[in-house]
Structures are given as C-alpha cells and as structure tokens.
Amino acid sequence: MAKRRILSAALIIAGAILGAYAIVQNHFDSTSLLFLNRFVGKSRLLDGSVELISDTFILNGVLFVALLWFIWFKDKREESRIRLFMGSVAAVLAGFLSRLLQLSLPFHVRPLCSADLKLTSPIGVEWGTLNHWNCFPSDHAALFFGLAALIWISDRRLGVFALFWAAITSSTRVYLGFHYPTDILGGAILGILMVIFFQRLPSPRVVYRLLDWERCASASFYAVAFIASYQAGTLFNDVREIAGLIRQIL
C-alpha cells in the first residue's frame with residue numbers, strides 16, 4: 001500500500017511540475033528547436049525521411065505492438081501475459097490522459113506556428129498543421145514510451161531498442177515543429193510512470209477471464225486482439241476518423 005501511495009504521488013508531482021514547466025516556453029525548448037531548425041527546409045530527402053518516420057504507423061506505434069506480440073508468443077507464462085495485459089492498458093490510458101491534459105491545460109501553440117521562434121517549415125509540411133490542438137504533453141510520446149517501457153520490463157534487449165526508437169520517433173516531431181522538447185519529455189514520463197504503476201497493481205479478474213478466453217477460443221481471441229492492438233498502435237486513428245464522420249452526419 002505504501003509503494004502505491006508513493007508511486008501515485010510521484011505521478012501527480014511529476015505531472016504538475018512538467019505541466020507548469022511546459023506552459024511557459026523556456027530556454028531549453030527554444031535553443032533545441034532553433035538548433036534543429038537550422039537543418040530544416042534544405043533537403044527534401046531529409047525532411048521527407050523525418051516526416052515518414054513520424055507519420056508512418058508501421059515505423060512507430062505498430063512496430064512497438066509487433067514487438068509485444070513477439071514477446072507474447074515467446075514467453076507463454078501466465079505472469080508474463082498478465083504483465084503484458086496490464087502494461088498495454090496502462091500505455092493506452094497514458095495516451096488518453098495526455099489528450100485530456102491537452103484539452104484542460106492552457107493552450108500552448110505549436111512551435112512551427114510560434115511568432116517568436118519564426119521557424120522554417122519542413123518541405124511538404126503545411127504551416128498550420130495540428131495547431132488546433134494543444135501540444136503539451138505529447139500523446140505520441142506517452143503511448144510510445146509507455147509501450148517501450150513495457151517491452152523493456154518484459155525483455156531487456158528488445159527494450160533497449162524500443163526505448164531508443166521511441167526517442168527517435170518522438171524527436172522527429174520536434175524536428176518537424178509539432179512539439180517542444182518538454183512536450184515529449186512530459187509525455188514520456190507520463191507513459192513510463194503509468195506502465196510502472198500498473199505493474200504494481202493487483203490483477204483484476206477480467207485479465208484472468210481474457211486468458212481463459214485465449215485458451216478456450218483462441219481464434220476469436222486473436223481476431224479481436226489483433227484489431228485492438230492495431231488500433232492502439234495507430235493511436236486509434238480509424239476510430240477517430242469514424243467518430244468524426246458520425247459527428248458530421250449528426
């Protein structure tokens with residue numbers, strides 16, 4: 001119980017500190033962005049490659065999900081699969097929580113649209129991209145670092161690569177001017193702490209029922225698991241598009 005309280009307090013404190021820190025643009029953010037922006041707009045190949053890594057799901061979220069599937073079939077112990085269940089839910093919740101924070105915290109304009117920074121737009125990227133969304137904390141970083149942390153907990157070697165690649169994919173969004181470095185840092189800490197916190201929680205009964213489902217009706221289980229995990233890896237892009245279409249119709 002004491003450990004849970006400490007970890008819960010750490011989550012609240014970290015979120016509050018990073019929230020206050022990121023609301024006001026600081027020297028670290030501006031210095032990092034201005035340095036990276038020196039390379040922006042000079043090479044279509046470089047800008048296109050960075051945008052490809054940032055926006056192509058197979059190179060970011062879906063890749064992390066594939067690594068988790070690999071671990072799932074590599075280690076079939078019940079405790080391992082419970083850990084994967086709990087951690088995956090935590091990473092997804094971190095992504096949702098980051099989006100709620102974006103909606104509730106004071107609006108923070110995207111770096112690319114900042115009148116103070118006057119950044120050069122990457123070739124092929126529109127100036128006002130994503131500026132209707134608050135940028136702190138990064139939901140991409142929350143989900144990707146959460147999944148990477150879960151991979152590291154389950155398999156150290158794969159985890160080192162996953163954390164490295166999460167840093168690379170998240171950094172591309174700083175290069176493109178979509179996020180400040182502190183947006184990425186805030187999302188990463190949120191995702192990692194959420195996964196660690198959920199690993200400490202007792203496993204609910206529904207997890208054991210899901211494992212029973214996998215054992216008794218594996219065909220239907222894996223069909224549903226594939227769709228659910230793919231949507232998580234794409235930040236529920238299809239679900240959001242369908243919801244947007246329904247809103248327009250209604």
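The values are calculated or read from the model by the stated rules, or taken from the named source; none is laboratory data. This is a predicted model, so every value here is computed, not measured. All Cβ positions, glycine included, derive from the backbone under ideal geometry; neighbour counts span all protein chains shown.
I'm trying to understand the selection: among the residues of the range 135-185, which are of a type in the set (Asp, Glu) and farther than 19 Å from SER88 by Cα? Walk me through it before giving the result.
Pass one, the range 135-185, residues of a type in the set (Asp, Glu): 139, 155, 183.
If the condition is that a residue be of a type in the set (Asp, Glu) and farther than 19 Å from SER88 by Cα, then ASP183 is the only one that fits.
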Check your understanding: How many of the residues making up the range 36-75 are farther than 30 Å from SER154 by Cβ and more than 23 Å from the chain's Cα centre (by Cα)?
Key -> 10
Review point. Quick check: anything in the range 178-186 outside any helix (DSSP H, G or I), at pLDDT below 95, touching a Lys or Arg at 6+ places or on another chain (Cβ under 8 Å) and not β-branched (Val, Ile, Thr)?
Key: yes
Practice item. Please go through the range 143-176 and pick out each residue that is under 22 Å from ASP29 (Cβ atoms) and in contact (Cβ under 8 Å) with a residue 24 or more places away in the chain. Key: LEU143, PHE144, PHE145, ALA166, ILE168, THR169, SER170, THR172, ARG173, VAL174, TYR175, LEU176
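What do you reckon, is SER98 surrounded by 15 or more Cβ atoms within 10 Å (Cβ to Cβ), small (Gly, Ala, Ser) and part of a helix (DSSP H, G or I)?
Working: surrounded by 15 or more Cβ atoms within 10 Å (Cβ to Cβ): yes; small (Gly, Ala, Ser): yes; part of a helix (DSSP H, G or I): yes.
For SER98, the condition - surrounded by 15 or more Cβ atoms within 10 Å (Cβ to Cβ), small (Gly, Ala, Ser) and part of a helix (DSSP H, G or I) - is met.
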Exercise for review: Check the range 133-142 and report whether any residue there is more than 24 Å from PHE221 (Cα to Cα) and among the aliphatic types (A, V, I, L, M).
Suggested key: yes
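Would the range 139-161 turn up any residue that is outside any helix (DSSP H, G or I) and either over 18 Å from HIS179 (Cβ atoms) or in contact with a strand residue (DSSP E or B) (Cβ under 9 Å, 6 or more places away or on another chain) (or both)?
Yes.
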**Study point:** So TRP165, is it part of a helix (DSSP H, G or I) and either under 29 Å from ALA115 (Cβ atoms) or not charged (D, E, K, R) (or both)
**Key:** yes
Practice item. Restrict the check to the range 133-146 and report whether at least one residue is at pLDDT 95 or above, small (Gly, Ala, Ser) and over 10 Å from the mean Cα position of the chain (by Cα). Key: no
Exercise for review: Sort out which residues of the range 55-110 are out of contact with any Asp or Glu (no Cβ under 6 Å at 6 or more places or on another chain), closer than 22 Å to LEU176 by Cα and of a type in the set (D, E, K, R), and write them in order of number.
Suggested key: ASP55, ARG110
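Collect the residues in the range 75-95 that are part of a helix (DSSP H, G or I) and without any contact (Cβ under 8 Å) to a residue 40 or more places away in the chain, keeping them in residue-number order. It would help to see each step written out before you state the result.
To start, the set of residues in the range 75-95 that are part of a helix (DSSP H, G or I) comprises 78-95.
GLU79, the sole residue that qualifies.
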Check your understanding: Does GLY159 meet the test of being surrounded by 19 or more Cβ atoms within 10 Å (Cβ to Cβ) and under 25 Å from GLY87 (Cα atoms)?
Key -> no
Check your understanding: Taking the range 101-139, which residues are surrounded by 17 or more Cβ atoms within 10 Å (Cβ to Cβ) and either in contact with a His (Cβ under 8 Å, 6 or more places away or on another chain) or basic (Lys, Arg) (or both)?
Key -> ARG110, PRO111, ASN134, CYS135, PHE136, SER138
Check your understanding: Among PHE221, PHE236, which is over 17 Å from the mean Cα position of the chain (by Cα) and crowded, with 16+ Cβ neighbours inside 10 Å?
Key -> PHE221
Exercise for review: Of the conditions (1) at pLDDT 90 or above; (2) over 19 Å from the mean Cα position of the chain (by Cα); (3) not polar (S, T, N, Q), ARG83 clears all except one; give me its number.
Suggested key: (2)
